[in-house]
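Engineer: Please find one structure pasted underneath; my questions will follow.
Bear in mind that the values in this text are calculations on the coordinates, not laboratory data. Remember, it's a predicted structure, so these values are computed and weren't measured experimentally. Don't worry about glycine lacking a Cβ; one is built from the backbone with ideal geometry, like all the others, and counts go over all protein chains shown.
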Amino acid sequence: METPETSATEDGNDLGSSPGDSIWSRLGFDRFSALYVLVAFFIFFGITEDSFLMWNGSLEFVLTDKIVVLMLALAFLVPLTTEAFDLSIGAIAALALLIVNKIALETDLPQGLGALIAIGACLVIGWVNGFIVVKLRVNSFIATLGMSQVVAAIIRNIHDGGQINGELSKTYRSFGKGDIFAFDWPGTGSEIALPWYFLYGLIITVIVYYILEHTPTGRHMFATGGNPEAARLSGINTDRLTWGSLVGSAALAGFAGLVYSWKVGIYTTSFGAPLLFPAVAAVFFGASQLRGRPNVWGTVIAVYTLAFGIKGIGLRYPREISWIQPMFEGLTLLIAVAIASRQLIIKVQKRKIDKADLENGDDHTEANSA
Amino acid sequence: MGSLLKIHELTKIFPGQVALDEVDLEIETGSTHALVGQNGSGKSTLIKVLCGFHQPTGESSASYYPQSIMDTPSLDEPVELRLGDGKAAANAGIRFVHQDLGLVDSFNAIENISMGVGYTKRFGGAIDWRADRKRAEEGLATLGFPDIDVNIPVGLLAPSQKTAVAIARALHDWDKGASLLVLDEPTASLPGADVERLFTAVRRLQEKGVAILYVSHHLDEVFEIADTATILRDGKRIATLPINELNHDKMIELMIGHTLVKRQQASREFIGSEKGLIIQGLTGGTLAGIDLHVEPGEIVGVAGIMGSGREMLVPLITGQTPSDQGAVAVDGLQIQNYSPKSAINAGMAFLSADRYSQGVIAIQSVRNNLTLSDVRRNWNSFKLDHKAEKVEADQWIEKLDVKTPTSETPIGSLSGGNQQKVLFGRSLRLEPSVLVLDEPTRGIDVGAKEEIHQLVDQASKDNAAVLVASTDTDELVRLSHRVVVMVNGQISEELTGDQMTVENIERAQLQSQEQKTKVGAHGNA
């Protein structure tokens, strides 16, 4: 029943399909900026640092070393889709690593069973996180911050600081650390190899991606994060999803601990909580990529862009890297979130305008001028 | 009465769209001037240029006649007003109350008013709360709201009271020359009875001689409160007329450019089916035990003022709010473990009153919003078939005539009417046996409103039992086969056929209110 004139006005509102006329958006710079940065790192450090492009110089190291961070980043990402923050993931990963070592050191249980017990303990903590957030209605930020301290206390109770070497068996370690493949790169004499845990990490990444983007459950999770009440009224069990995502998060964090147990083996106090930051940074950096919201592949790209950047800087400035690394990570997080909030601000403005049922033309300009 | 503000040939061009096309507007001193038009007609752009949010395009000019209501007589010399300059507008005595009010819900009225206008400081910079309290209380009393508790967070106040706080803040210095109050959709989120309370405040301002520019979708309000109306359509001023030269139909015609065909339901016999929606003894909140049966194919309207229980009915039926007592059955089966999920599984679909906070997921696409209640439909037992989902979304977009560039556009960027159509799609897609609607066209313009009404008609033709709770009495008359009126948490009256008129419904709502008052008086004596 609308007049043709009205239709014309409303058609003028083509925000969603805003055709990317600028060179920036045509190159996808707004969506793939991290990839461009990654390529820039490869070109710059590849030219300036001889060992950067060598397999055993930095490629293998970065690819495998960052699986732990990637798992923690996914652990942070999963509950974030339902708008729940899990700050206890670092502590949970440390707990898993400690339990594996402790069981190996003090019992005769098979070490594989020890790993399962470790994961079980992580699931319990994730369940309690969920209980506090869903049933007690404590803000997830506070709940998991508190839980991370509780877990830290449990860790200290089990063990007094310093490192603990469970002398994990070769069988156990090779389950994760053994090579999937290994061959000599012709002409260079350097061996190309990737460990199994790299493959496990990849598989888990694909599974998380599949669940979030290709199942109704994933859709429901993002809906819960987008507007919990609207999601609940659409028949979605938002409480169960939030709860489940916190349990899943703890499982992923526990797996990060296991990866470390295969890779390095020894529990040290430096593992765990300090890894929270790079994981969170990667998720938010990743959220500015591809889809403009937290997503798996954006997170993967972010983890490796940061890692290769730090590696390159480390090669170039080996002495300064100790302070450059946190500076680099910190600035990346700030810049990424600043960009993301700018997009969010635009969205919020749009929503406000919509809420006021204002004219569509206004939306149009704000989106273009912002 | 002389002129207060004159705007001459105001034009605003956005890339690809002329929002305002040489619009003239003249507001008289002390008048209440309504600005009406559909979404996209330019009225909000005009307000935004006036308050300095947008800059006008090209040669526009405006002038105002400085005056102080309290003492000095108006000057005869107009002063130029620079459009698109918020400060200049403020100096000219123009005050704004925007639709979202801009209040901080967790602050009380004193803090909210002080926050906007500056705290009264004592020696040493400490806030003089006593002076601020006085200012708040006096401001609210002047508006006819002396009963507002200035100590409690404004989030706990009734919607009309919140609007009063916002007006008090805007007009805190009216004795120093505020002469024009712009009210932008002040009733968009107000329940019916609260609108009346707000009008008492507006009338007080009229008595004080404050001119008001009143922007609203609700034409009834315009006729009740305004003395002049300017109608915009597609950025052009169509007419400025004294209100007594207009009527409802004439105004709609000017707004949409053609006449609107009025429809009403054919009368319908109660067939005594055991299917549809059956509510027994439903109790909770302000609802004190309701029995109601809506048959398949029937549309039952629910009327009632705020606090009558009408506003609780839909949340309780849908499981949004847990009920204390009672049962709801869909097609003869009682719903167990009541929750929105179990209600949907039982064959119910519903739309909540607050589209923004309870309906749409603003940042997600039209497609995701449309399929939310049953995402699984496009699950091909291996993965979500995004392609099939897109095809389905496109079909619904066409069927519901949703104005959106693509199915992937964030729903938040659509107009309210189009958002509501998508939410209708979300419900109708479930092919529900029971459709429950709360304020289905609140904040939606006239054209889209009729389209939504036709969707409701169609749902009933498809044999759904439809329940519509609304504060819009015209809407109830337009849609319903019968209307039940709620008072004190119970159904006080049922109106059908010729009895079902706007006058009768409103009388039933208010008459019962009088009885209630009488009973109360009796009880006190």
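Engineer: Provide a whole-number value for the mean count of partner chain Cβ atoms within 10 Å of the Cβ atoms in peptide B:349-358.
Structural biologist: Taking all residues of B:349-358 together, the mean is 3.
Engineer: Taking only C-alpha pairs under 8 Å that are 6+ residues apart, what is the relative contact order of chain B in percent? Let's see the in-between values first.
Structural biologist: Numbers: 1071 pairs, mean separation 74.1, N = 525.
For chain B, the relative contact order is 14 percent.
Engineer: Using only DSSP helix segments of four residues or longer, with each worth -39500 (n - 2.57), what per-residue ellipticity at 222 nm results for chain B after dividing by its residue count and rounding to 500?
Structural biologist: Computed mean residue ellipticity for chain B: -10500 deg cm²/dmol.
Engineer: Among the aspartates and glutamates, which have Cα under 17 Å from the Cα of B:K341 when same-chain residues fewer than 8 positions away are ignored?
Structural biologist: Hits, sequence-local ones excluded: A:E229, A:D239, B:D331, B:D374, B:E431.
Engineer: Related question: Specify, per residue and in Å³, the volume enclosed by the convex hull of the alpha carbon atoms belonging to the protein assembly as shown.
Structural biologist: It is 223 Å³ per residue.
Engineer: I would also like to ask the following. Order these peptides, A:255-267, B:208-220, A:78-90, A:291-303, by their mean beta-carbon neighbour count within 10 angstrom, highest first.
Structural biologist: A:78-90, A:255-267, A:291-303, B:208-220
Engineer: Here's a follow-up. Can you tell me the alpha carbon radius of gyration of chain B divided by the globular rule-of-thumb value 2.2 N^0.38 Å? Numbers along the way, then the final one.
Structural biologist: Numbers: Rg = 24.8 Å, N = 525, 2.2 N^0.38 = 23.8 Å.
So the Cα radius of gyration is 1.04 times the expected 2.2 N^0.38 Å.
Engineer: A further question on this structure: Anything over 18 Å Cα to Cα? Flag those among B:K6/B:K236; B:K162/B:K421; B:K48/B:K87, in the order listed.
Structural biologist: With Cα atoms farther than 18 Å apart: B:K162/B:K421.
Engineer: Express as a percent, rounded to the nearest 5, the fraction of DSSP beta bridges in segment B:277-524 (both residues included) that run antiparallel.
Structural biologist: Within segment B:277-524, antiparallel bridges account for around 55 percent of the total.
Engineer: Across peptide B:363-375, how many C-beta atoms of other chains are within 10 Å of each residue C-beta, on average? Intermediate values should be presented prior to the final figure.
Structural biologist: Working: counts 12, 8, 1, 1, 0, 4, 5, 0, 3, 12, 5, 3, 9.
Taking the mean over all residues of the peptide, I get 5.
Engineer: Can you bin segment B:388-459 into rounded, prolate or oblate? Criterion: square roots of the alpha carbon gyration tensor eigenvalues sorted a ≥ b ≥ c, rounded for a/c under 1.5, prolate for a/b above b/c, oblate for the rest. Before the final figure, lay out each step's value.
Structural biologist: Values: a/c = 1.86, a/b = 1.15, b/c = 1.62.
It is oblate, given that a/c is not under 1.5 and a/b is not larger than b/c.
Engineer: Then there's this: On alpha-carbon atoms, Rg over Rh for segment B:13-65 using Kirkwood Rh?
Structural biologist: Working: Rg = 11.9 Å, Rh = 12.4 Å.
The Rg/Rh ratio comes out at 0.96.
Engineer: Determine the shape class of segment B:277-524: with a ≥ b ≥ c the square roots of the Cα gyration tensor eigenvalues, call it rounded for a/c under 1.5, and otherwise prolate if a/b is greater than b/c, oblate otherwise.
Structural biologist: Here segment B:277-524 falls in the prolate category.
Engineer: Using only atoms on other chains, find how many Cβ atoms lie within 10 Å of each Cβ of peptide B:440-450 and report the average.
Structural biologist: Average neighbour count from other chains, rounded to a whole number: 2.
Engineer: Once phi is turned into θ = phi - 60°, what whole-Hz ³J(HN,Hα) does the Karplus curve with 6.51, -1.76 and 1.60 give for every residue of segment A:197-210, x standing for Gly and Pro?
Structural biologist: These are the phi-based 3J(HN,Hα) values: 4, 4, 5, 4, x, 4, 4, 4, 4, 5, 5, 4, 4, 4 Hz.
Engineer: Between the alpha-carbon centers of segment A:95-139 and segment B:456-509, tell me the distance in whole angstrom.
Structural biologist: Each part's Cα centre sits 58 Å from the other's.
Engineer: Give the long-range amide H neighbours of B:G52: residues separated by 5 or more places, or on another chain, with amide H under 5 Å away, using H modelled in the peptide plane at 1.01 Å from N.
Structural biologist: Amide H to amide H, under 5 Å and 5 or more residues apart or across chains, B:G52 pairs with B:G84, B:D85.
Engineer: I'd like to verify something in chain B: which complete DSSP H helices, judged by Cα projection on the helix axis, reach 27 Å or more and average at least -1.0 on the Kyte-Doolittle scale?
Structural biologist: Details: long enough: B:502-524 (33 Å, -1.26).
Result, helices passing both filters: zero.
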